[in-house]
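Comments concern the structure below.
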2 protein chains.
Amino acid sequence: MAQDSLSQVFAALADPTRRAILSRLSEGAATVGQVAEMFAISAPAISQHLKVLERVGLVERTTTAQWRTLTLRPEPLDAVAEWVDHHRRDWDQRLDRLEAHLDTINEEEYQ
Amino acid sequence: MAQDSLSQVFAALADPTRRAILSRLSEGAATVGQVAEMFAISAPAISQHLKVLERVGLVERTTTAQWRTLTLRPEPLDAVAEWVDHHRRDWDQRLDRLEAHLDTINEEEYQ
């Protein structure tokens, strides 16, 4: 299992339940109980998913009086967006260069 | 192991060697040998990584005469970018609403 932080964030997002938890939290903070209610899986399983999300910094757990509140921390998504956008852009630029190259060939052919 | 396609793409990206292979291919198509030369890991390990990338559609393998060429297919990154941007945007909008709400409170306080 790769241990660099970007790999860990990608791995944390590679699960539909964890992404659904983040989607719920992107609408507002929630208690552990509120999140658990949304899913037909066991409390230990939810707890395990939350641990993964907390470890990579996507979820923050705060305790106020008897309430444990979960908040989305979107900062780790910045590195993911940066990597993905960079590789989509590289590809677009390559296509642009190829297109320009083909245009040049066409012009030379018809001169 | 989750089997939905978005989870599979996230999982494929959750490895530094696989991301490095994609980075190499984002600069241009390459043969399997050229990709293998870049990494100090065994040929079977490279082959395994390439299989993962092909399975999710991020790499296409074509065979021309004796050459096996690898090409980046960035389309699966669209769904990743969409998910990530959506969740970053949701969060930004929540912060904007919170800020607007605090402004309203402040205005009421000082009237």
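Values in this text are rule-based calculations from the coordinates and carry no lab data. Remember, it's a predicted structure, so these values are computed and weren't measured experimentally. Positions of Cβ are backbone-derived with ideal geometry, glycine not excepted, and every protein chain shown enters the neighbour counts.
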Within segment B:52-90, residues farther than 26 Å from B:Pro16 by Cα and in contact with a helix residue (DSSP H, G or I) (Cβ under 6 Å, 6 or more places away or on another chain) come out as B:Asp90
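For segment A:64-101, how many residues are among the aromatic types (Phe, Trp, Tyr) and under 19 Å from A:Gln8 (Cβ atoms)? Quick ask: steps written out before the conclusion?
Just the residues of segment A:64-101 that are among the aromatic types (Phe, Trp, Tyr), to begin with: A:67, A:83, A:91.
If we keep only those that are under 19 Å from A:Gln8 (Cβ atoms) too, we end up with A:83.
Selection size over segment A:64-101: 1.
Are any residues in segment A:75-88 free of Cβ contacts under 8 Å to residues at least 24 places away in the same chain, within 7 Å of chain B (Cβ to nearest Cβ) and closer than 18 Å to B:Gln93 by Cα, and if so, which ones?
Once the filter is applied, which keeps residues that are free of Cβ contacts under 8 Å to residues at least 24 places away in the same chain, within 7 Å of chain B (Cβ to nearest Cβ) and closer than 18 Å to B:Gln93 by Cα, segment A:75-88 yields only A:Ala81.
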Original post:
Is it fair to say A:Thr64 is in contact (Cβ under 8 Å) with a residue 40 or more places away in the chain, over 20 Å from B:Glu75 (Cα atoms), hydroxyl-bearing (Ser, Thr, Tyr) and more than 14 Å from every other protein chain (Cβ to nearest Cβ)?
Top reply: no
Those residues of segment A:13-42 which are within 11 Å of chain B (Cβ to nearest Cβ), touching a Ser or Thr at 6+ places or on another chain (Cβ under 7 Å) and closer than 20 Å to A:Thr64 by Cβ amount to A:Leu25, A:Ala29
Of the residues in segment A:51-65 that are hydrophobic (A, V, I, L, M, F, W, C) and touching a Ser or Thr at 6+ places or on another chain (Cβ under 8 Å), the one that is surrounded by the most Cβ atoms within 10 Å (Cβ to Cβ) is A:Val59
